[in-house]
1. Go through (1) surrounded by fewer than 17 Cβ atoms within 10 Å (Cβ to Cβ); (2) modelled with pLDDT under 90; (3) assigned by TED's automatic domain parsing to the domain that holds ALA275 one by one and return the number of the condition VAL398 breaks.
2. If the Cβ limit is 6 Å and pairs must be 6+ apart or interchain, which residue in region 156-170 that is closer than 15 Å to GLY189 by Cα pairs with which residue that is assigned to a loop (DSSP other than H, G, I, E, B)?
3. For the structure I just gave you, tell me whether SER33 is under 20 Å from ALA339 (Cα atoms), within 25 Å of the chain's Cα centre (by Cα) and among the hydroxyl-bearing types (Ser, Thr, Tyr).
4. Cβ contacts < 7 Å: first residue in the same structural domain as PRO170 (by TED's automatic domain parsing) and in contact (Cβ under 8 Å) with a residue 12 or more places away in the chain, restricted to region 181-200; second residue among the hydrophobic types (A, V, I, L, M, F, W, C) and surrounded by fewer than 16 Cβ atoms within 10 Å (Cβ to Cβ), any location; separation 6+ or different chain. Result?
5. Of all residues in region 293-306, count the ones that are part of a loop (DSSP other than H, G, I, E, B) and touching a Leu at 6+ places or on another chain (Cβ under 8 Å).
6. How about region 310-326: which of its residues are under 17 Å from LEU16 (Cα atoms) and crowded, with 24+ Cβ neighbours inside 10 Å?
7. Within region 214-224, identify whether any single residue is over 32 Å from the mean Cα position of the chain (by Cα), part of a loop (DSSP other than H, G, I, E, B), charged (D, E, K, R) and at pLDDT 90 or above, and answer yes or no.
Amino acid sequence: MPLGELAKRWPIAGQLGDYRAAWLTPDLAAGVSVAAVSLPSAVAYPAIAGLPIEVGLYATIFSMVGYALVGPSRRLMVGPDTATCIILASALASTGVVAQADRVSLTLLFSFLVGALCVAAGALRLGFIANFLSRPMLTGFLAGIALSLIVGQIKRMTGVSIQSQGLLRPLIELSSHLQAVHLPTLAVGVGTLIFLRALRYGLPTVPAAPVAILLAIALSFGIDLPGRGVAVIGEIPPVAFTVSIPPLDRLADPHLLSGALAIMVVGFGSGIVTARSFAMKDGRSVDADQELFGFGAANLFSGFFGGFPVSASDSRTAVNYAIGGRTQVTALIAAGTLATALILMAHALSAVPQATLGAILISAAIDLIDVPEFRTIRRLSRTEFRFALLTMILVAVVGVLTGILIAIAATLSHLLWAASNPRIAMLGRMPGSAGLFKLHRFPDAEPIPGLTIVVLQSALVFFNAEAVQRKLLRIADATPEGSRWFVLDAAAVNTLDSTGLKALEEIRTRLAKRGIAFGIADLNSRARRIVERSGLAKHLGEHMLFPSAEAAVAAYDAARRSGRQAPNAPVETAR
């Protein structure tokens, strides 16, 4: 099979086909760092759904392998996700199952179903829903994720147990418990963060996170950090890597299917935003349909090897980018490192301070806030800048999925409002220049006596037809006495529906009563067919349908020179 065809089916083959020796060092450093940062969430997240720790470990390791084989992104990392785990917990609760063994069995089935749904959605090319995510929204999303990551490390960095959620409430709660801050923990966290940022700017080629972890382990054993009250990862239970077959006889259970669909929507919704946000930093595009296959493989591997459903991981992807991982070899190294570490180095890893991991996440989060991009967006469009800020605040305050959904709703509402109130410009001539010019943009342009010609910069459909009709009639009412022709330049009208057609007929009728001929220029072929089939073309007269606005002006000039007019058909023929 040619490499191109093999790479299309298995993206990892394409990445390995053009792999460079110089990439191995950053991939190795990033893989070790991702493995280190993955461990705390792998241990902690299962508790959200009432599952044993090993389920999180299996999900973390094998989901990375599954995505690495099928996923299209070279740098995206997958793994346990807070929102996905919360929906999983809700889905498990709806089944009424209490025994832990049964919960684990259903969890594997949920992973399998989520993976199968992702693959099916990819085959049906349903990834288009990701097209509703704009560049400002992605920029704001990354900044919001960064703020969330930073605030989420308060407990690790200070030792203070924070119960509040959101952006400001945890900070307020911390301010009221400053006396409870554990100074040795704070010193380890802040010291690690300073070390990471110093290497980031002073020696950017040095893999800072792995070095920081090794130093933290040495410090932990050297001065007995746990004995001084500094929280560490702690004892890691023994694991066994075996294939686990979920209870496939319950695949058709509607309760499980609905729960799996909810998990799939949540996972893809947040995961595709993460994929597009980080791809934007590389100047790459994202194939949402192929990403669905990648997420599907990640969940299938997780389910078949004893894990729960997963999605794209913001924190692990951020660490991968910060360290400089180049391909999905990073994920394979991370999975292998984590598996090996759990088997051979569990005692050493158990001594890693939680504050060190928190500092690694904060350092990665700082690099996600793209201030120059915010400035560029603000310079280009104040409206888009507001949407970027809105997305950032929403993601940080109300969570990734809810924030994105609200931001998408706000963006679409703005677009619908703009589309329902389209801009209409009047055209005229410029002395000494050929062509037509917008009167509001060119002060030297002059209207054509007796001819009003306007350009509609929008589709003409049900939600803006009334507004367009009202604006055009208002322009017609303001035309001077003796105006004979009113021509609509429809070059930008890419869509015309029956409601828009009715508005055009009403305009023609109202103008005909005043003795003004109504014409349309530059209709596309589809819109022209609609006009002809409806009978409007007959009411206008073929002589009032023009190939271009310039042709309409030429026809008007010819009619005026010949001393004749070309009014519309009598009003009664329009019935």
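The values are calculated or read from the model by the stated rules, or taken from the named source; none is laboratory data. Please read all numbers here as calculations on a predicted model, not as lab measurements. Glycine also receives a Cβ, built like all others from the backbone with ideal geometry; neighbour counts cover every protein chain displayed.
1. Every listed condition holds for VAL398 apart from (1).
2. If the second residue must be assigned to a loop (DSSP other than H, G, I, E, B), the pairs left are THR158/VAL181; GLY159/HIS182; VAL160/HIS177; VAL160/VAL181.
3. Values: under 20 Å from ALA339 (Cα atoms): yes; within 25 Å of the chain's Cα centre (by Cα): no; among the hydroxyl-bearing types (Ser, Thr, Tyr): yes.
No, not satisfied.
4. Sorted first by the residue in region 181-200, then by its partner, the pairs are LEU199/VAL206.
5. Selection size over region 293-306: 1.
6. Matches in region 310-326: GLY325 only.
7. There is at least one residue in region 214-224 that is over 32 Å from the mean Cα position of the chain (by Cα), part of a loop (DSSP other than H, G, I, E, B), charged (D, E, K, R) and at pLDDT 90 or above.
For every residue, the table says whether it meets (1) at pLDDT below 90; (2) under 29 Å from ASP489 (Cβ atoms).
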site	(1), (2)
ILE404	yes, no
ALA419	yes, yes
ALA445	no, yes
VAL455	no, yes
